[in-house]
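The values are calculated or read from the model by the stated rules, or taken from the named source; none is laboratory data. This one's a predicted model, so the numbers in the text were calculated from it and none came from an experiment. Note that we place each Cβ from the backbone using ideal geometry, even for glycine, and neighbour counts take in every protein chain shown. Protein only, heavy atoms only, side chains kept; ligands, DNA and RNA dropped before computing areas. Shrake-Rupley method; radii C 1.70, N 1.55, O 1.52, S 1.80 Å.
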Amino acid sequence: MSKEQIKKILGIASKVVTWIVVAFAVFMMIFTIFSVRTFDNNERSIFGRKFYIVQTNSMSLSEKNKDDEVHFDAGDIVIIKNVDDPYSLQAGDIISFISQNSVSFNETVTHRIREVKYNEKGRVEGYVTYGTNTDTNDEQIVEPEYVLGVYSGKLPKLGHFFQFLKSTPGYIVCILVPFLLLILYQGVNTVLLFKKYQKEKTADLQAEREQIAEERKQSEQMLRELEALREKLAQSGVDISTPASAQQPTTEQESFEEKQEIFDEE
């Protein structure tokens, strides 16, 4: 493989790596903005879906809930679908709600409904919820106004990455370092291009100097040849200082000079 081919392959590889770093950095930036504005945000939804990071293993797989189709672990992201009527939920539904329990007050919890509570007028008063892993009812019933939505799916383990991304080390590793590498790479490229430009400029100047020197050499050679020719003609007795026509007068000129002499004598 020739040096030119190796150089070409290295150039292509360098461009590919650069675009990968750029794409990764841009993706991380977009993902960070999206996650900060969307995950664990009760006011934000995308196509009627909200996203919450599971904080505990209260719904993870265990002997008590091994027959359940739905279970998720701490670090998973649960996808919650908005409900038009929070009073229409039934036992067995998995819901996300704003907890009123003393331990997890005002936090977002996703548990299964065990029982629907009604008041004396037959209207839904609230929901008894529990974590299927512990099979223990939550301290407070969930009133309909605290319901955020119904479970729709999950993104396994993605919450760990999001939590890491929100931390200082995550920001440094996933966002700052790629951009610094990109800036460094572009800086090195700029220096190399400048050096290449300087080298080409120096080569052009050197070529111009050599051309001028060659032209000067040719001019000097021509002068030497003319001088040699002059000397050769001088040795041959030929006066090259004035034209031959100027050295020998014409017939008319001689006649005029004779007439002038006769006139002068008279």
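Write down the accessible area per residue of region 1-153 in Å², having rolled a 1.4 Å probe over the full set of protein chains.
Using a 1.4 Å probe on heavy atoms only, each residue of region 1-153 averages 61 Å².
Would you kindly calculate the mean projected area, averaged across all directions, of the convex hull enclosing the Cα atoms of region 84-213, in square nanometres?
The directionally averaged projection comes out at 14.4 nm².
Keeping all protein chains in position, work out how much accessible area residue 118 exposes to a 1.4 Å probe, and write it in Å² to the nearest 10.
About 120 Å², rounded to the nearest 10.
Could you tell me which residue out of 193, 219, 206 lies farthest along the dipole of region 184-227 toward its positive end? Charges go on the beta carbon: Lys and Arg +1, Asp and Glu -1, centred on the Cα centre.
The residue sitting most towards the positive pole is 193.
Using a 1.4 Å probe on the protein chains only, how many percent of the accessible area of region 53-143 belongs to carbon and sulfur? Spell out each step's value before the answer.
Working: 2080 of 4980 Å².
Carbon and sulfur: 42 percent of the exposed surface of region 53-143.
For region 77-122, what does the alpha-carbon gyration tensor say about shape, rounded, prolate or oblate, given a ≥ b ≥ c as the root eigenvalues, a/c under 1.5 as rounded, and a/b over b/c as prolate?
oblate
Enter the accessible area of residue 44 (Å², nearest 10), with the probe set to 1.4 Å and all protein chains included.
Rounded to the nearest 10, the figure is 100 Å².
Need the C-alpha centroid separation for region 1-73 versus region 144-165, integer Å.
Going from one Cα centre to the other spans 14 Å.
Please give the solvent-accessible surface of residue 227 in Å², to the nearest 10, using a probe radius of 1.4 Å with every protein chain present.
About 90 Å², rounded to the nearest 10.
Students often get this wrong, so try it: which of [x] 15.4; [y] 39.5; [z] 18.6 is mean projected area of the Cα convex hull in nm² as calculated from the structure shown?
[y]
For the chain, what's the relative contact order in percent, using C-alpha pairs closer than 8 Å and at least 6 residues apart?
16
Grab the Cα-Cα distance for residue 207 and residue 17, subtract it from 0.36 nm times how many residues apart they are, and report the gain in nm with one decimal.
64.7 nm
Please identify, among 193, 148, 205, the residue showing maximal mean-square fluctuation in a Gaussian network model of the chain using a 10 angstrom Cα cutoff.
Largest GNM mean-square fluctuation: 205.
Which residue, chosen from 149, 78, 89, occupies the Cα position most advanced towards the positive end of the dipole of region 78-164, where the dipole is computed from +1 (Lys, Arg) and -1 (Asp, Glu) charges on Cβ about the Cα centre?
So the residue furthest toward the plus end is 78.
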